[in-house]
Structure formats: structure tokens, C-alpha cells
1. Based on the mean of other beta carbon atoms within 10 Å per residue, what is the order of 77-89, 9-21, most packed first?
2. Could you pull out every one of the lysines with an alpha carbon less than 19 Å from that of K108, ignoring same-chain neighbours closer than 8 positions?
3. Which value in nm describes the separation of the simple spin-label points at E104 and S84, placed 7 Å from the Cα toward the beta carbon?
4. For the chain, calculate the relative contact order in percent as a whole number, restricting contacts to Cα pairs under 8 Å that are 6 or more residues apart.
5. Which trypsin sites (Lys or Arg not before Pro) does region 82-116 hold that lie in a coil by DSSP with at most 13 other beta carbons within 10 Å?
6. So between S31 and R46, what do we pick up on full extension, going 0.36 nm a residue minus the alpha carbon distance?
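Each value in this text was obtained by applying a stated rule to the coordinates, not by laboratory testing. Keep in mind it's a predicted model, so treat the numbers as computed, not measured. When we count neighbours, we look across all protein chains shown, and the Cβ atoms used for this are built from the backbone with ideal geometry, even at glycine.
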Amino acid sequence: QVQLVESGGGLVQAGGSLRLSCAASAGTIFSIYTVEWYRQAPGKQRELVAAITTGGSTNYPDSVKGRFTISRDNAKNTVYLQMSSLKPEDTAVYYCKATRFFHETWGKGTLVTVSS
């Protein structure tokens with residue numbers, strides 16, 4: 001079963017950038033999974049912020065479109081979330097999720113804090 005580890009979170013000023021990574025466990029053929037990034041702010045529901053299919057198609061909600069970019073490096077078994085023009089409302093724990101057929105795996109998350 002695939003395991004996921006997120007990294008790259010931290011404290012950044014508004015307007016800054018961060019790149020998050022979602023690494024799959026060794027031996028995983030990560031390319032066969034659809035991977036999504038979600039975030040959950042305190043007191044709010046978890047929301048989707050980016051998705052990438054096995055074929056490389058991407059999808060974003062309007063709230064992050066043009067600011068966030070999801071990409072994958074199948075050779076490194078890693079999916080990235082490049083975040084730019086960050087806003088205080090982007091503050092949240094960011095999670096990645098890998099899906100194959102009806103099986104989902106979540107990482108434990110990485111905290112992003114954007115100061116004003």
C-alpha cells in the first residue's frame with residue numbers, strides 16, 4: 001500500500017512562494033495514481049486546491065487558479081504544489097491524496113502559515 005509524506009510547509013509572508021512536495025513510498029509506481037492536494041484551515045472543511053491525473057491533466061478551484069501549480073515527477077515518485085502570491089487566507093494544513101480506482105491514501109499534512 002502506498003504511503004505519502006508531505007514536506008515543504010512553513011512560514012511565509014504574504015506575496016511569497018512555497019513549494020510543497022508529496023513523496024510516495026519506495027517501490028510505488030506513483031504514475032498510476034491520480035494525486036490531489038487539499039487544505040484545511042482551522043474551523044473550516046477540507047477543500048481541494050489542485051489535482052493531477054495519470055495523464056498529467058490538472059484542475060484547480062478558482063480560489064487558487066493562476067497562483068498554484070501542481071506537477072509530478074514520476075521518476076522521483078513525487079508530486080509538487082508550487083504556490084505563489086500567497087495570501088493569509090491560504091494558511092492551512094496541506095494534505096496530498098493518491099487515488100487508484102476506489103482506493104485512497106492520505107498523507108499526514110504539512111502546515112503552511114502566511115503572515116500579513
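1. The packing order, highest mean first, is 77-89, 9-21.
2. Within the straight-line cut-off, K108 pairs with K44, K97.
3. Label-label distance for E104 and S84, simple model: 3.1 nm.
4. That works out to 36 percent.
5. K108
6. On the way: separation 15, 0.36 × 15 = 5.40 nm, distance 2.46 nm.
Between S31 and R46, full extension yields 2.9 nm more.
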